[in-house]
Amino acid sequence: MKLERAGVLKRYQDSFIVTGTINSKLQEEQLFNGLTFYNKVEIFYNRLLLLIQTLTNTKYQSYSFIPVVEDKEAEIWVKKVYKKVKGKEKDVLKKLYLELYEVLSRVKAVEVGIFVDRLTGYKHYGMSVPQLGEKYKKSVDDVQLILVCTIHQIIENVEKEEKTSLLAFLLQDTLEVSHLTKSAYDTYLLLLKGKTPDKIAFVRRLKTNTIYDHIVEIALSDSEFAIEDFVNQEDEQAITQAITSTNSYKLKDIKANVNDKISYFQIRLVLAKKNRLHK
């Protein structure tokens, strides 16, 4: 491995760690904050790319365009936002421009250039990573790292800056899943793409019960997570009635008072929903 031979990474058991020199440099530059932002970057960036593309196109009554990102969650989110701002595209775009200008003014010029050249608008397509590499004389890996670094800096500045209310809105409900474990978050992303628990278990080489644990964790964290995808209304009512009649939150007690077809997983999801609503 090139990075290992170059002394950038050092093998440790079954993984790698960043060497002292490079790690100190990253901390000094404060370019990356992966532990804090790893579960926000993709959601935030995809929403931003698609929102800019949508608003710049609809501003000119152009409604037939191919989404710049393939992300079901981002598409659903942008559609909801667009319904609220329809007819006000010019004002929203102006505010978005000013907020991006504000946060990007603190970022290095080359990083800003790469970030901006990646954006897609009306009759204008953002450059691919290889194209950016050619333009800025950098490797594909470097371009990808620079993009991630830039997004980290944007998020960090947005969370500190009260003036960036629109960009903060793009981040708003990503905070609800920010406390998920890394493994649960990976499952969450696959769920957003329409994958079933069994399919996710197969792809991730995990037990289906482990995926169920992740889904319960997600249901506790995400206020908009729909347990109806796993528990129909009739079964949810039966579980709720069992909780009331037994006056117990113990899985065993509830299971004994519902139909055999109802699983422990479904009971846990209903309990997670009740817990979330109570909070």
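The values are calculated or read from the model by the stated rules, or taken from the named source; none is laboratory data. Here the structure is a predicted model, which is why all the values come from computation and not from measurement. Reconstructed Cβ throughout: ideal geometry from the backbone, glycine too, with neighbour counts over all protein chains shown. Ligands, DNA and RNA are stripped out before the accessible areas are found, and what is left, the full protein with its side chains, is counted by its heavy atoms. Shrake-Rupley method; radii C 1.70, N 1.55, O 1.52, S 1.80 Å.
At a probe radius of 1.4 angstrom, the accessible area of region 42-176 per residue rounds to 57 square angstrom. In terms of its C-alpha gyration tensor, region 184-252 comes out prolate, because a/c is 1.5 or above and the ratio a/b outweighs b/c.
Projecting the Cα positions of Val270, Ser223, Leu251 onto the charge dipole of region 217-279 (unit charges on Cβ atoms of Lys, Arg, Asp and Glu, taken about the Cα centre) puts Leu251 furthest along the positive direction. Note on exposure: Lys123, Lys273, Lys79 ranked by accessible area (1.4 Å probe, complete protein assembly) read Lys123, Lys79, Lys273, with the most exposed listed first.
Here r is the Cβ-Cβ distance between Thr210 and Gln131 and R0 is 51 Å; the resulting FRET efficiency, rounded to 0.05, is 0.80.
Listed here are the pairs Lys207/Lys273; Lys40/Lys84; Lys40/Lys80; Lys59/Lys160; Lys40/Lys123; which of them are more than 26 Å apart at the Cα?
Lys59/Lys160; Lys40/Lys123
Taking square-rooted eigenvalues a ≥ b ≥ c of the alpha carbon gyration tensor, is region 39-83 rounded, prolate or oblate, where a/c under 1.5 means rounded and, failing that, a/b exceeding b/c means prolate? Taking the square roots of the gyration eigenvalues as a ≥ b ≥ c, region 39-83 is prolate.
Between the beta carbons of Gln172 and Glu70, assuming R0 = 30 Å, the FRET efficiency works out to 0.85 to the nearest 0.05.
When the solvent-accessible area of region 75-122 is split by element, carbon and sulfur atoms take up 58 percent of it, the probe being 1.4 Å. Residues Tyr264, Tyr101, Tyr212, Tyr188 ordered from highest to lowest accessible area at a 1.4 Å probe: Tyr101, Tyr264, Tyr212, Tyr188. Around the amide H of Gly126, modelled in the peptide plane, lie the amide H atoms of Thr120, Gly121, all under 5 Å away and 5 or more residues distant in sequence or on another chain. In this rough spin-label picture, where each label sits 7 Å from Cα along the Cβ direction, the Gln233-Lys193 distance is 3.2 nm.
On full extension, the segment bounded by Lys261 and Asp141 gains 38.2 nm, given 0.36 nm per residue less the C-alpha separation. Debye sum, Cα scatterers, region 132-279, no solvent: what log₁₀ I/I(0) at q = 0.11, 0.12, 0.16, 0.17 1/Å? Debye intensities relative to I(0), on a log10 scale: -0.59, -0.67, -0.96, -1.03. Among the GluC sites (Glu not before Pro) in region 51-124, those placed in a DSSP loop whose Cβ has at most 12 other Cβ atoms within 10 Å are Glu70. Distance from the Cα centroid of region 175-242 to that of region 58-112 is 29 Å (rounded to whole angstrom). Quick one: pull the percent of accessible area on region 157-255 belonging to carbon and sulfur, 1.4 Å probe, ligands and nucleic acids left out. Accessible surface attributable to carbon and sulfur in region 157-255 totals 49 percent.
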